[in-house]
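Novice: One structure coming up, written as structure tokens, with questions to follow.
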Amino acid sequence: MKIIKVTPRVFASNSYILTGDGKSAVVIDPSEEAVAALKRHGLVCKAVLLTHGHFDHIGGCGILYDGGAKIYCGEYEKTFIFSAENRNIFGGVYIPEFEIAGTFKNGETIELCGIKFSVIHTPGHTEGSVCYICENAIFTGDTLFCGGVGRTDLPTGSMGKLINSVKRIYALDGEFKLYCGHGEDSTLANERKYNPYVRG
């Protein structure tokens, strides 16, 4: 499996393109930059996985949806994505037009484009936030960053729930590389030891 990290030009989140065959791809939290990156690498997005529904994580969903990609999220986030409270954060943000093909529950395992993912419900940044485990990688969205955690002052956020979610990630067996929604990559061992917000 190949992971292509797409970093934002301005305010968007990191996006991740995953491919197992060099032709089809799963995109996690697609920005508009991710759409361009797919073209550069000659990949066709077949599925999109959203860690949560904030505007900076879904900017490329409309284009990918129009191109035939199926878009998925956690079971508690679907309604929030298109809600007025999500559209009105920061005084009003753009939410592209697309539909959710399906939702995932905590502990569910799925296979897309020949790649297997496990889903962890990690409320705190938003109530419906999820992380995705794929082989030795965890895509943490805005739940856990390198040296930090996601903000909890936006609609449906909760610091108490976020701390509990991070502790659940820390409790996972094995070593994992963390691919975060913003900033640099990290490892689970590094965050357990050094993250000043939640220690392992």
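Novice: Counting only residues that are surrounded by fewer than 24 Cβ atoms within 10 Å (Cβ to Cβ) and of a type outside the set (A, V, I, L, M, F, W, C), which one in the stretch 124-146 is nearest to the chain's Cα centre (by Cα)?
Specialist: Gly128
Novice: OK, next. Across the stretch 36-67, what is the number of residues that are out of contact with any Ser or Thr (no Cβ under 9 Å at 6 or more places or on another chain) and farther than 24 Å from Phe80 by Cα?
Specialist: 5
Novice: Counting only residues that are assigned to a helix (DSSP H, G or I) and aliphatic (A, V, I, L, M), which one in the stretch 165-200 is most open to solvent (accessible area, probe 1.4 Å)? Explain how you work it out, then say what you get.
Specialist: Going residue by residue through the stretch 165-200, those that are assigned to a helix (DSSP H, G or I) are 165-170, 188-194.
Now drop any that are not aliphatic (A, V, I, L, M), which leaves 166, 169, 188-189.
Numbers: Val166: 0, Ile169: 0, Leu188: 0, Ala189: 46 Å².
Out of the qualifying residues, it is Ala189.
Novice: Taking the stretch 170-187 as the region of interest, how many residues are touching a strand residue (DSSP E or B) at 6+ places or on another chain (Cβ under 6 Å) and either of a type in the set (Lys, Arg) or within 16 Å of Thr122 (Cα to Cα) (or both)?
Specialist: Summing the residues that are touching a strand residue (DSSP E or B) at 6+ places or on another chain (Cβ under 6 Å) and either of a type in the set (Lys, Arg) or within 16 Å of Thr122 (Cα to Cα) (or both) in the stretch 170-187 gives 5.
Novice: Then there's this: Which numbered condition trips up Arg40, out of (1) in contact with a helix residue (DSSP H, G or I) (Cβ under 7 Å, 6 or more places away or on another chain); (2) open to solvent by 60 Å² or more (accessible area, probe 1.4 Å)?
Specialist: For Arg40, the exception is condition (1).
Novice: Among the candidates Gly22, Gly67, single out the residue that is open to solvent by 10 Å² or more (accessible area, probe 1.4 Å) and in contact with a Lys or Arg (Cβ under 9 Å, 6 or more places away or on another chain).
Specialist: Criteria check complete, one pass: Gly22.
The rows are residues; the columns are (1) in contact with a helix residue (DSSP H, G or I) (Cβ under 6 Å, 6 or more places away or on another chain); (2) in a helix (DSSP H, G or I).
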{"position": "Gly22", "(1), (2)": "no, no"}
{"position": "Ala25", "(1), (2)": "no, no"}
{"position": "Ala36", "(1), (2)": "no, yes"}
{"position": "Cys45", "(1), (2)": "yes, no"}
{"position": "Val48", "(1), (2)": "yes, no"}
{"position": "Gly53", "(1), (2)": "yes, no"}
{"position": "Gly62", "(1), (2)": "no, yes"}
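The values are calculated or read from the model by the stated rules, or taken from the named source; none is laboratory data. Owing to the predicted nature of the structure, the values given are computational and were not obtained by experimental measurement. Counting neighbours? That spans all protein chains shown, and the Cβs are built from the backbone with ideal geometry, glycine included. Each accessible area value is taken on the protein alone, full model and side chains, heavy atoms only, with ligands, DNA and RNA left out. Shrake-Rupley method; radii C 1.70, N 1.55, O 1.52, S 1.80 Å.
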